[in-house]
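Worksheet: the structure to be examined is printed underneath.
The values are calculated or read from the model by the stated rules, or taken from the named source; none is laboratory data. Keep in mind the model is a prediction, meaning the values are calculated, not measured. Note: ideal-geometry Cβ built from the backbone for every residue, glycine included; neighbour counts use all protein chains shown. Accessible surface areas use protein heavy atoms only, side chains included; no ligands, DNA or RNA. Shrake-Rupley method; radii C 1.70, N 1.55, O 1.52, S 1.80 Å.
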Amino acid sequence: MTNEVKESFTGASGTPAGTPAAPATGPAAPAAPPAPAALAAKVRTLAPSMTRSMQRVAEAVAGDPAGCAALTVTGLAELTGTSEATVVRTARLLGYPGYRDLRLALAGLAAQQQSGRAPSVTADIAVDDPVADVVAKLAYDEQQTLADTAAGLDTVQLGAAVAALATARRVDIYGVGASGLVAQDLGQKLLRIGLIAHAHSDPHLAVTNAVQLRSGDVAIAITHSGSTGDVIEPLRVAFDHGATTVAITGRPDGPVTQYADHVLTTSTARESELRPAAMSSRTSQLLVVDCLFTCVTQRTYETAAPALAASYEALAHRHAPRAR
């Protein structure tokens, strides 16, 4: 490792203020760097949150993997008009421990492109993969998504959110698109243990309900990108009116966290062009929702258990076999 690369890891030199922090090491970090074929999709996903200098590096490596694989960290910095520190920080933001790991991924991607291998439908699935392989690969990916989310979930933040929910007078949940489905799931779960909970996917209704919240209420925003305006606006209104606010997001540095008392982070590592946030993020969001629900049920067991029993009993006749 060169001295320049060592310096770039310590934060020496010339990176503009506001550069996103490198992904944390330790338990919260992904178990392995992204596969080479995932690089272009990763760039598309993360580019909006990068500084302009980091975007230049990311676009260069995604656009010409073979050419960039042949460059040293200094060479790539010169090619993109950035600094060596920016190059390494970009590599780390993309999920690689350092520039050396990114170069290896670039070389692998270039080799795949030159081999004439079938194009990928997602990062790991090619158009000619048999059905059994598709099932196995997706199942493995789901497992990794759940493992990454569990490893990175801040249990202190989770516990604080659970405590607020357990004593809440009312709970409002905001989400649109795929995140709206997750919001509905959480809403109906909380209703079944006796909490007053409403899920809102209509941004107008979300805001008009948020103005009714106050101290003792809880508002939860679910947004993978962390920048969905239709979700951020009602959370801001709830925050301004004194409600306890929670954000479930894949971008802990996203705008939604400005108005969140507690942030619960989901995995962002496995998006691709045809398996985008609408699919991959929902798995990790549902895990967080299940954690919230189960822990709240523990905290409120004396009232939650009878409420669950009553809800099961109310629906029991709908599950009974029909008489012939």
Among the residues of region 159-206, write down those that are touching a Phe, Trp or Tyr at 6+ places or on another chain (Cβ under 9 Å) and farther than 16 Å from residue 290 by Cα. 200, 201, 203, 206
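Could you grab me the full set of residues in region 213-249 that are open to solvent by 10 Å² or more (accessible area, probe 1.4 Å) and among the polar types (S, T, N, Q)? Full working, then the answer.
Step one: filter region 213-249 for residues open to solvent by 10 Å² or more (accessible area, probe 1.4 Å), giving 214-216, 224-225, 227-230, 232-233, 236-237, 239-242, 244.
Across region 213-249, the qualifying residues are 215, 225, 227, 228, 244.
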In region 250-293, the residues that are of a type in the set (S, T, N, Q), surrounded by fewer than 21 Cβ atoms within 10 Å (Cβ to Cβ) and either modelled with pLDDT under 95 or not in a helix (DSSP H, G or I) (or both): 283
In this structure, does residue 147 turn out to be at pLDDT 80 or above, touching a helix residue (DSSP H, G or I) at 6+ places or on another chain (Cβ under 9 Å) and within 19 Å of residue 288 (Cα to Cα)? no
Filtered residues of region 112-132 (kept if assigned to a helix (DSSP H, G or I), open to solvent by 60 Å² or more (accessible area, probe 1.4 Å) and modelled with pLDDT under 80): 113, 114, 115
Which one of these is touching a residue at least 40 places away in the same chain (Cβ under 8 Å), part of a helix (DSSP H, G or I) and farther than 24 Å from residue 225 by Cα: 77, 66? 66
Filtered residue count, region 148-172, keeping only those that are in a helix (DSSP H, G or I), in contact with an Asp or Glu (Cβ under 8 Å, 6 or more places away or on another chain) and open to solvent by less than 10 Å² (accessible area, probe 1.4 Å): 0
Restricting attention to region 77-102, report how many residues are under 17 Å from residue 67 (Cβ atoms) and of a type in the set (Phe, Trp, Tyr). 1
Could you tell me which residue of region 80-111 is modelled with the lowest pLDDT, considering only residues that are in contact with a Pro (Cβ under 8 Å, 6 or more places away or on another chain) and closer than 25 Å to residue 136 by Cβ? 109
Testing residue 206 on (1) out of contact with any His (no Cβ under 6 Å at 6 or more places or on another chain); (2) open to solvent by less than 20 Å² (accessible area, probe 1.4 Å); (3) without any contact (Cβ under 8 Å) to a residue 40 or more places away in the chain, one condition comes back false. Which one is that? (1)
Scanning region 80-89 residue by residue, those free of Cβ contacts under 8 Å to residues at least 40 places away in the same chain and surrounded by 20 or more Cβ atoms within 10 Å (Cβ to Cβ) turn out to be 80, 82
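For region 80-111, how many residues are in a helix (DSSP H, G or I) and of a type in the set (Ser, Thr, Tyr)? Walk me through it before giving the result.
Looking only at region 80-111, we keep the residues that are in a helix (DSSP H, G or I), and these are 80, 84-93, 99-111.
Next, only the ones that are of a type in the set (Ser, Thr, Tyr) stay: 80, 86, 90, 99.
Counting residues in region 80-111 that are in a helix (DSSP H, G or I) and of a type in the set (Ser, Thr, Tyr) gives 4.
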Of all residues in region 173-202, count the ones that are open to solvent by less than 40 Å² (accessible area, probe 1.4 Å) and over 24 Å from residue 301 (Cβ atoms). 8
